[in-house]
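A.B. asks: Quick one: the structure is below, and I'll ask about it shortly.
The values are calculated or read from the model by the stated rules, or taken from the named source; none is laboratory data. In this text, all values refer to a predicted model and were calculated from it rather than measured experimentally. Heads up, the Cβs are rebuilt from the backbone with ideal geometry, glycines too, and the neighbour counts pull from every protein chain shown.
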Amino acid sequence: MNTRSLRADVLLFITAAIWGFAFVAQRVGMDHVGPLTFNGVRFTLGAISLVPLIRVMERQRSVATTPVATPTPTPALIKGGIILGGALFLGSTFQQLGLAAPLLESFGVAPTTAGKAGFITGLYVVFVPLMGLMIGQRAGLGSWMGCGLAVIGMYLLSVTGDMTVDFGDILVLVSAVFWAVHVLMIGKLSPGMDGVDAVKLSSVQFATCAVLSMVGALATEEITLAGLSGAAIPILYGGLMSVGVAYTLQVVAQRNANAAHAAIILSLESVFAAIGGFLMLGEILTVRALIGCGLMLVGMLVSQLKP
């Protein structure tokens, strides 16, 4: 392994850790603000945090003697960002609702945990090739094997002995479907873009998600200064670290990393979510749940190693 590849792997590993621990921040933030408020503020911070990166990358592109791609026209970039932002809004909203303990408990249903949410969300890795069948993409043996392992793992993780499932788990599973849709849409919209336009696209989609979330929050939630103050650290982590820093690290790292190889390392975010839930929130997974998590992780890896 050369130095560039090793550095890329280290950066991707750090990215997975940041994303994994973000599930803890999202869970804690729900004790102070509503899910839409949390997403609205954190995606606003995320969109703003990418502005310095865009400026640096534009400066580098302007002095490059051989641009790697023709810049994407602004209207097309904005339109694509808005479309992606809608999918991002649905995925992040269902995920956040699944973690919203005070809200769900007020309706008499149970939320998911940070650790379980990490693994359930990771199922989008398996959903992507299967959903690709609807747009003419073939799913290989690895995808079907990964799907089977993930389904068994999901059953062990979320279905209890009396055949009940926490409502929060169902909401996060729905979010994984939208994350898969989001990935497929990126695959349709981003080909031909250079690095600068890719980051601009992300900034537009984050801004779109922020606007949709804040509109929903103003219509359905009570936003207070005390609540925002109490959730300040989780929001800052979710916005600046999970979106701004981690996304930047991913962009830098994937210059020198194979896409499938990168996806395998990034899937470790589910493991870090479980570790974070255990260390910071006292969440404990049963032996049955741990076996389920293991099968889900293996399913994710198989779907990438043998696509």
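A.B. asks: Among the residues of segment 20-29, write down those that are over 10 Å from residue 276 (Cβ atoms) and crowded, with 24+ Cβ neighbours inside 10 Å.
C.D. replies: Going residue by residue through segment 20-29, those that are over 10 Å from residue 276 (Cβ atoms) are 26, 28-29.
The answer is 26, 29.
A.B. asks: Kindly evaluate residue 128 against the criterion of being farther than 14 Å from residue 199 by Cα and free of Cβ contacts under 8 Å to residues at least 60 places away in the same chain. So that I can check it myself, show each step before the final result.
C.D. replies: On the way: farther than 14 Å from residue 199 by Cα: yes; free of Cβ contacts under 8 Å to residues at least 60 places away in the same chain: yes.
For residue 128, the condition - farther than 14 Å from residue 199 by Cα and free of Cβ contacts under 8 Å to residues at least 60 places away in the same chain - is met.
A.B. asks: Another one. Can you tell me which of 228, 212 is assigned to a helix (DSSP H, G or I), modelled with pLDDT of 95 or more and surrounded by fewer than 20 Cβ atoms within 10 Å (Cβ to Cβ)? Please lay out each step first, then the result.
C.D. replies: Working: 212 fails: surrounded by fewer than 20 Cβ atoms within 10 Å (Cβ to Cβ).
Going through 228, 212 in turn, the sole match is 228.
A.B. asks: So residue 108 ticks every box in (1) more than 25 Å from residue 289 (Cα to Cα); (2) assigned to a loop (DSSP other than H, G, I, E, B); (3) of a type in the set (Gly, Ala, Ser) but one. Which box is left unticked?
C.D. replies: The number of the failed condition is (1).
A.B. asks: Residues that are buried (at least 18 other Cβ atoms within 10 Å of the Cβ) and not in a loop (DSSP other than H, G, I, E, B): does segment 278-288 have at least one?
C.D. replies: no
A.B. asks: Report yes if residue 13 is surrounded by 14 or more Cβ atoms within 10 Å (Cβ to Cβ), at pLDDT 95 or above and of a type outside the set (Val, Ile, Thr), otherwise no. Reasoning before the result, please.
C.D. replies: On the way: surrounded by 14 or more Cβ atoms within 10 Å (Cβ to Cβ): yes; at pLDDT 95 or above: no; of a type outside the set (Val, Ile, Thr): yes.
When the stated conditions are applied, residue 13 does not pass them.
A.B. asks: Return the pair list, or none, for Cβ contacts closer than 7 Å from residues in segment 132-149 that are in contact (Cβ under 8 Å) with a residue 12 or more places away in the chain to residues that are surrounded by 10 or more Cβ atoms within 10 Å (Cβ to Cβ) and in a loop (DSSP other than H, G, I, E, B), at least 6 apart or on different chains.
C.D. replies: 132/139; 140/306; 140/307; 141/306; 142/306; 142/307; 143/307
A.B. asks: Sticking with this one: Looking only at helices (runs of 4 or more DSSP H) that fall completely inside segment 3-102, which ones have 1 or more residues that are acidic (Asp, Glu) and touching a residue at least 12 places away in the same chain (Cβ under 8 Å)?
C.D. replies: Details: elements: 3-29, 35-49, 51-63, 74-99.
Once the helices (runs of 4 or more DSSP H) in segment 3-102 are filtered for at least 1 residues that are acidic (Asp, Glu) and touching a residue at least 12 places away in the same chain (Cβ under 8 Å), what remains is 3-29, 51-63.
A.B. asks: Of the conditions (1) outside any loop (DSSP other than H, G, I, E, B); (2) modelled with pLDDT under 80; (3) under 19 Å from residue 88 (Cβ atoms), residue 193 satisfies every one except a single condition; which number is it?
C.D. replies: It fails just one condition, (1).
A.B. asks: Still on this model: Go through segment 158-187 and give me each residue that's in contact with a strand residue (DSSP E or B) (Cβ under 8 Å, 6 or more places away or on another chain) and either crowded, with 18+ Cβ neighbours inside 10 Å or among the acidic types (Asp, Glu) (or both). Full working, then the answer.
C.D. replies: Going through segment 158-187, the residues in contact with a strand residue (DSSP E or B) (Cβ under 8 Å, 6 or more places away or on another chain) turn out to be 158-159, 165.
Within segment 158-187, 158 is the sole residue that qualifies.
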